[in-house]
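A quick write-up on the structure given underneath.
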Amino acid sequence: METIKNALDFSDFPRLDLTVAGAVALCLIIFPLFPLSSFAMSTMIQFLMFALYGMGWNTIGGYGGQVDLGKAQYVGIGAYTTAVMLIRWDIPFWVSMPIGVCFAVTWSFIIGYPLFRLKGHYFAIATIATSLVLKDIFEVWEFVGAARGLEISPIKYHPPDFLRLIFREDIYYFYFILGFFFLGILYINWFRKSRLGYQLRSIKDNEDMARSLGINVHWAKIKTYAIATGFVSVVGSFHACYIKNIEPEDTMSLDISILIALMAMLGGAGSLWGPIIGAGILIPLKSYLKEWLGAQAGLVGIDLILYALIIMLISAYEPRGVWGIIEKIRRRKRA
Amino acid sequence: MTLLEVQHLTKNFGGLTANDDISFHMEKGELVGLIGPNGAGKTTLFNCISGLHAVTSGRIVFDGEDITPLKAHEVARRGLARTFQVYVAAGDLTVEENVMVGCFMKTASRSRARAHADQILRELNIRDLSDYMVSELPVAAQKRVTMATAIGSDPKLLLLDEVAAGLNPNEVEAIMASIRHVHDEMGITVMLIEHVMELVMKVTHRVIVLDYGRKIAEGDPESISTNPQVIKAYLGERYVKEQRSSAG
């Protein structure tokens, strides 16, 4: 009972936040009513997907302070599980998605157990390494299409297919991912108020202190890493059905891992709204820069230059990102 | 009833022996002081007892159970809490949240943890600090917060590491009252490392003195303050003279 109450209770936020959040939620719900280009629609879906990736990353990376740069491997596990199961055995999304989560979480335990013996930069580097190794394995693994990847051809199915999540129009995908998005917010709202949520923040504050308060630091990190993994894997499965064409280079590249971490940090690591704000800034910017400036003006790679700039600015001025700036202003006003 | 028994505890760091064959015991309900010059091995002893350091040799028995091989979080869950001399907070938690983390050891419910934390903050007279970030508080207040946090885990034995260091006389007075409250009213057995001799003399029942990693003396505060070995190693002639002149 308290779990549900905590998930639905946003009363510790100021009224202004809730008003803005409500307005944004409303805009998202009625967004497809406006006659916008398919480019805007796909950007919006990307935004919601990355906001969810970021929320997952934020559990371990933000609340727990363990900078993880290997989230793409779990995007890959989710996406491949769903794609392989659909193509080979015609298993619908709603079955393959939870199975993908099981695979991803199992993998996260296997690598999380040794990896969380490492701290700080060493941990971050190790997560990159495991992600790249997994990507290389997928690139030579014939069963999952090796480097060519997999393609879900929509012609075989009869869209709209709600079981397999195969649709012709993007609006279906939009509402599905929007549903996940709202559920994700509720989950994180519960998480940050749970015992594990508090313990993680204590671990981030001071590990020895956390230990002496009876917290099994290693296990708490592994558990949270599994939660983050679950989030990413669900969206990965969705990604497979939405994009329909997955290959290791796209779904499991280092770019994705970095983008996920960067977004959460830009918006504000360790806050509920941070990853959403970060995704809201970076995804439209990325779409614009990559599709528009990159493709039309020939400025290929300009998005990567921008990420580098943002990383430098955050680490130099405000490690807590946009949300950190907002909180700072509020504190100053109160004082 | 014996609550804590340390038997022949030795801790080596490479070639350095920080704790050398230390033995002592504590009864339930006692308030024991641990003094000695800087580098005598007091904090190392706390780290060994609370499980943060693995001991080189010796045995630690807590509440009838051998806790020597246990890890820090396992020791804590058996009812042994501690504070830290230097508290570095990354600054993500408010005072109330910090104390709640301690309370979460015994309950998974947020509302119960919060109620318990509020009660402790009230008992230690720092309820008005609830909404501040721990990192933005002055040292004196931070020390009381770490004490409150440790108490949140509802311990049988509380180890306090220099909670009065760097405080002004008024603040020492206040923390002394808090320590007494924790011991007398909450019924928690306390061991404290302290350099503020006034506090040690006034609140403790028994004092253990370390020097160069060895236990050089043990006894009631009165006898310790006149023990020639302790005066030579730690208190110094000046302290004794000052005490005499203030007494006379």
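Numbers for the structure displayed
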read-out: Whole-Hz ³J(HN,Hα) from phi, Karplus 6.51 cos²θ - 1.76 cosθ + 1.60, for the range A:100-107, glycine and proline x; value: x, 4, 4, 4, 4, 5, 4, 4
read-out: Check: chain A dipole with +1 on Lys, Arg Cβ and -1 on Asp, Glu Cβ, in debye; value: 1180
read-out: Equivalent ellipsoid semi-axes - Cα gyration tensor, the range B:148-248, angstrom; value: 25, 16, 12
read-out: FRET efficiency estimate (nearest 0.05) - Cβ-Cβ, B:ALA177 to A:LEU186, R0 45 angstrom; value: 0.50
read-out: Taking A:TYR63, A:TYR307, A:TYR74 and counting other C-beta atoms within 10 Å, the order from fewest to most; value: A:TYR307, A:TYR63, A:TYR74
read-out: Residue among A:TRP94, A:TYR288, A:ASN6 farthest towards the positive dipole end of chain A, charges placed on Cβ; value: A:ASN6
read-out: Listed residue (B:LEU93, B:ALA140, B:ASN125) projecting farthest to the positive dipole end of the range B:86-154, Cβ model; value: B:ASN125
read-out: Proxy reagent accessibility, fewest Cβ within 10 Å first, across A:CYS102, B:CYS48; value: A:CYS102, B:CYS48
read-out: The protein assembly as shown - Kirkwood radius from inverse mean 1/r over Cα pairs (Å); value: 26.7
read-out: In Hz, Karplus ³J(HN,Hα) per residue of the range B:200-217 (6.51, -1.76, 1.60; θ = phi - 60°; x = Gly, Pro); value: 4, 5, 7, 9, 7, 8, 8, 10, 10, 10, 10, 8, 6, x, 10, 7, 9, 7
read-out: Shielding by partners - mean other protein chain Cβ count within 10 Å, residues of B:110-120; value: 2
read-out: Electrostatic dipole magnitude of the protein assembly as shown [Cβ: Lys, Arg +1; Asp, Glu -1; Cα centre; debye, to 20]; value: 440
read-out: Fewest-first ranking of A:LEU150, A:LEU36, A:LEU16, B:LEU45, using other Cβ atoms within 10 Å as the exposure measure; value: A:LEU16, A:LEU36, A:LEU150, B:LEU45
read-out: Farthest toward positive dipole pole in chain A [+1 Lys/Arg, -1 Asp/Glu at C-beta], among A:MET263, A:ILE188, A:ALA228; value: A:ILE188
read-out: Estimated translational D of the range A:208-258 in µm²/s (Stokes, Kirkwood radius over Cα pairs; 37 °C; 0.692 mPa s); value: 246
read-out: Distance in nm between pseudo-label sites at A:PHE10 and A:GLU291 (7 Å out along the Cβ direction from Cα); value: 2.8
read-out: Using alpha carbons only: equivalent-ellipsoid semi-axes of the range B:86-154, gyration tensor based, whole Å; value: 18, 12, 10
read-out: In Hz, Karplus ³J(HN,Hα) per residue of the range A:238-247 (6.51, -1.76, 1.60; θ = phi - 60°; x = Gly, Pro); value: 4, 3, 4, 5, 7, 6, 6, 9, 10, 9
read-out: Ranked by how many other beta carbons lie within 10 Å on average, peptides A:227-238, A:167-178, A:39-50 from highest; value: A:227-238, A:39-50, A:167-178
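Each value in this text was obtained by applying a stated rule to the coordinates, not by laboratory testing. What you see is a predicted model; the values in this text were computed from it and never measured. Heads up, the Cβs are rebuilt from the backbone with ideal geometry, glycines too, and the neighbour counts pull from every protein chain shown.
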